[in-house]
Structure formats: structure tokens, C-alpha cells
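What follows is a short report on a single structure.
Since every read-out is calculated from the coordinates, none of them should be taken as a lab result. Bear in mind that the values here come from a model prediction, so they are computed numbers and not experimental data. Here the Cβ is made from the backbone with ideal geometry for all residues, glycine too, and neighbour counts use every protein chain on show.
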Amino acid sequence: MNTTTIFEAERKRLTGVAYRMLGRWSEAEDAVQDAYLRWQAADHRAIEKPAAWLTTVVVRLCLDRMRRAKASREVYVGPWLPEPILTPEGGERREDDADSFAHDLSLGLMLVLERLGPEERAAFILREAFDSSYGEISSALGKNEAAVRQLVSRARERVKAGRPRFRPAPEAHRQLLTEFMSAVAANDASKLIGLFKPDVRFISDGGGKRPAAMRVLNGAAEVAQLILHLAGLKGGPREVKLTMLNGVPSIWAVDGLGHESAMQLDFEGEHIQAIYMVRNPDKLAHLGTLN
């Protein structure tokens, strides 16, 4: 097997690691391509385990990118959300293992991962999503196994606390999304509020390039008011439809101004506990116009 074939067999997995670390699909692909250049220049006779070697390179490249991105995040206009993707490598989230992180690429989980420190995030992703051994993670991070176990344990608790406790199955999820869309289409604030938990959160990322809330909103009435305002821009949306993003049922919309949005909802039972809306065109361009 030649070196290019070996790398291509790992590309999908490596891109999955990089996306979970960086939150941007385009940056993940760039990091993996940088790893490919290093792989091509490496002494392959000295590499016993190519997959582990490549994982280490990608993780370290991503850690460097995360540290460099810190300054730009601090001046980002409004809340920051991950970049949604159409075809995650894990496919649709599996309901037979709802607590698993391996098939969960939802924007809600990705946002929780953003709150972890870079090494904590890397350790958690490798262990929980890719089942890497503690020894492999130690090599990737340059830390001893005891330190890695502590990183993973701490991250596991923080992520567990930030995830929804009860999620509907995919069909129920789609039905709840349909009810939400119907309430918005009818401009029915009371129905919309009835779908929300009282402390519902609304996070919208316009990046300073599209109309969006400049802070995280909390509270059913305030969130309903903003959603109906956005939905009513320039005579109402041109298009609204259900799609799959990050393996989760989602909403794709084009508003009256022609601006595109991707939206995901987190449910707790039959009520909405969080809404994530990506409007920054830089984070949607790679999707193209969904048809």
C-alpha cells in the first residue's frame, strides 16, 4: 500500500477529529491537508503505526490553530456558533446509543465542546468519539496517562452537564420542528411560547454580516419576539424546509432579504430548551443552496 493510499484511508477520520476540535469544516480540511504534506515528507520507515502518527499530527496542528484563533474569537461580532455541515462522517445520530458521543455532531454538543480547554477538548474527543487508548492520547498531547485520564474525566463531567437530558427520537424530533415552523409561519407568539421551556436560550451567529442577536437571549417571550421579527423581514421567508445538518434534523431558511440561515433546536422532552441559528454567510457558503 503506497503512502497516498494509507493517508486517504485515514482522511475521513482525521477530518472528523479536526472538525470536532475546530468547529469549522473548512479549517478542518485545511488542517488535514497540512498533515498530508507532513506525511509526504516523513520517513515512513520510522513510522510503526501510521494512523496514530497521523492523529498526533492533526491534533497538534489543530491545537496550534485553536491558540491562534483565540484573539479573533475575542473580537468576533456577537455569539459564535460552529459551522454546520451536511454530511458528517458519522451519519445520523444513532438512537440505540443515545449517550454516545461518537455519532453526535449536533451544534449544541459542538458548542459545549467549545467551552473546554484545547487539550481537554482534544483528549475528550479522541477518547469518547474515536475510542483512542489513553496511551495514544498521551502520545498525541505529549502528556502522561494520569494527566490524560484527568483531562478526559473532567471534560466528561462538563459535557454531560451541558447536554440535553432527554432527546426525542428522529421522527418525534421532525414533528416538533414542524410544529415550530407552523407557529412561526402563523406568526403565533403564544403557540411559539408554548413550545418553549420558560428559560429557553436563543443563540444566533451573524458574525456582524447578517441581522442577529448580539447576545444570548434567555426567556420564552423575548426569544419568540426575535424569531418572529427575523421571520417577518421584508415580507416573510422565501423558503423554509427541513434538512439534515450535523446528523440532526434541522431547518434551512431563506428570509425576505435573501439571507440564508441554518437552525437547530435542542429539545428536553417535548419542549425546546435551546435554539441555534447560524446566519454568518462565511459559515454557510460551503453548503451551497440546499435544494
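Some notes on this structure:
- Helix axis angle, 220-231 relative to the chain longest principal axis, alpha carbon, degrees: 90 degrees
- A cut-off under 10 angstrom between Cβ atoms defines the neighbours of P211, and their net charge, with Lys, Arg +1 and Asp, Glu -1, is +2.
- Measuring nothing but alpha carbons in region 3-162 and taking Rh as the Kirkwood radius, the Rg to Rh ratio lands at 0.95.
- Helix 50-74 vs. the chain, principal-axis angle (Cα, 0 to 90°, nearest 10): 50 degrees
- Based on alpha carbons, the Rg and Dmax found for region 134-291 are 18.4, 59 Å.
- Note on R68 and T178: the extension gain reaches 35.6 nm, defined as 0.36 nm multiplied by sequence separation minus the Cα-Cα distance.
- DSSP beta bridge pairing in the chain, given as percent antiparallel to the nearest 5: 75 percent
- Restricting the calculation to Cα atoms, the chain yields a radius of gyration followed by a Dmax of 20.0, 67 Å.
- Least to most buried among R156, R24 (fewest other Cβ within 10 Å first): R156, R24
- The chain: relative contact order as a whole-number percent, Cα under 8 Å and 6+ apart: 20 percent
- For the residue pairs K12/K241; K70/K197; K70/K160; K160/K283; K12/K143; K49/K283, the alpha carbons lie more than 30 Å apart in K70/K197; K49/K283.
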